[in-house]
Amino acid sequence: MFTGFQNIGKIPELKRRIGITLLLLTVYRIGVHVPTPGINTEALAAFFAAVQGTLLGLFDMFSGGALSQFSVFALGIMPYISASIILQLLTVVIPHLEKLKKEGEVGRKKITQYTRYGTIVLSVIQGFGIAVGLETMTGPGGEMIVIEPGWGFRFTTVITLTAGTAFIMWLGEQITERGIGNGISLIIFAGIVAGLPGAFLSTGRLVTAGEMHVFGAILLLVFMLGVIAAIIFVERGQRRIPVQYAKRVVGRRVYGGQSTHIPLKVNTSGVIPPIFASSIIMFPATVASFIAIPWVQWVSDSLAPDRFLYTVLFVSFIIFFCFFYTAIVFNPVDVADNMKKYGGFIPGIRPGRPTAEYIDKVLSRITLGGAIYVSIVCVIPTILIQRFNVPFYFGGTALLIVIGVAMDTLSQIEAHMLSRHYEGFLKQGRFKGRR
């Protein structure tokens, strides 16, 4: 692996891409500390210190601490993710969007443009709801969080937060295009990782103060390491469907006849389902948490991470998006048609429609297992960690995102290195990404 890292410097393009990625992520982390005007930062910090482990604490984790500081990036990348979810769902029911999706690069750019517009609209709505809610909130000592409430503050907040989200969206697109890895996922990854040092220090202080038993802290650490190992094992797991290509005679040459396989990942959708599920639950719940109306507060309380309703909705959305996203990225009919076109077949299965049905059957079973795995990873550790009264939200969702994004990024770096005949990170067996 050390040799692999040494070889990175020998590839100018890869070195440039990694440098651009690190630079843009640094810009993002700097922006997290730029405050929004008109906020009593001390009162806001005291307020968020009391809501760790709630949905606001979860949202703050995804924003990299931007919400607790109410910086220009307070909304984070979640409006963009919500807009992407809406566009992908509408693609299934609106013929125009479905047609654009099939038009290749031109259609993809048009859908991306619609996603950007939707991001701005959602940012304005969410920013206005947060601004109105903050005006009615006070810190633990009764001091107002907003220094001068009114339409001036609301307008300034909406413009600032919307511009911040648009800038994060641009950063993510630039990382994807000019850097290495998926930009949006890396931004979420950077936000989660940035909060880890302070979180572990807080846990250490609890152990020192006697509020957490040493054995409990060790047990928690061992459990998290076990979850990390399980995630890596399952993320690299795949079901291989054998494929045989018949021999073809073209002139005097004979083509084909080789055996290969179709690799079906256990978790084809990767980290997308928990991110999408969290985004859908966070959008209404975050706005509701800032509105001082009894029934709205009941909705906000019911959607806290430790509540039954939140768990049911979270698991349901994860299972739905596992199947939905897998159906988008993998089409058994297209795979079967391509196999038939080039003389390929699955032993014991007739080419064409029976092959597509067989692949779809296997994929559905694997996806169900993957959805159950993702749900367990995202829910069970959270419940257990809350019993240890850990002063930060670092459950299975964060673990899955951090490990998944890291594996994807390393696999892309590995691909760049191997394409130029340099030694990769692993000498025996190449690093397998999720895609």
Checklist outcome for this item: Once Lys and Arg are counted +1 and Asp and Glu -1 for all other residues with Cβ under 14 Å from that of THR21, the total becomes +1
Checklist entry - For the pair LEU22 and LEU219, what calculated FRET efficiency results from E = 1/(1 + (r/R0)^6), where r is the Cβ-Cβ distance and R0 = 25 Å, to the nearest 0.05? => result 0.10
Checklist outcome for this item: At R0 = 51 Å the Cβ-Cβ FRET efficiency linking SER259 and MET137, nearest 0.05, sits at 0.20
Checklist outcome for this item: The local net charge around THR157, scoring Lys/Arg +1 and Asp/Glu -1 for residues other than THR157 whose Cβ lies under 13 Å from its Cβ, equals -1
Next on the checklist: Taking θ = phi - 60°, what integer Hz values does the Karplus form 6.51 cos²θ - 1.76 cosθ + 1.60 yield along the stretch 400-409, in sequence order, with x for Gly and Pro?
Outcome noted: 5, 5, 4, 5, x, 5, 4, 5, 4, 5
Checklist entry - How large is log10 I(q)/I(0) at q = 0.11, 0.12, 0.20 Å⁻¹ when the Debye formula is applied to the Cα atoms of the stretch 85-240, each weighted equally and without solvent? => result -0.83, -0.94, -1.20
Checklist outcome for this item: So, with points 7 Å from each Cα along the Cβ direction, the VAL93-THR176 label distance in nm works out to 2.4
Checklist outcome for this item: Going fewest to most other Cβ atoms within 10 Å around each Cβ, LEU303, LEU201 line up as LEU201, LEU303
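Values in this text are rule-based calculations from the coordinates and carry no lab data. Note that the coordinates shown come from a computational prediction; the quantities given were computed from them, not determined experimentally. For neighbour counting, all protein chains shown are included, and Cβ atoms are generated from backbone atoms with ideal geometry for every residue, glycine included.
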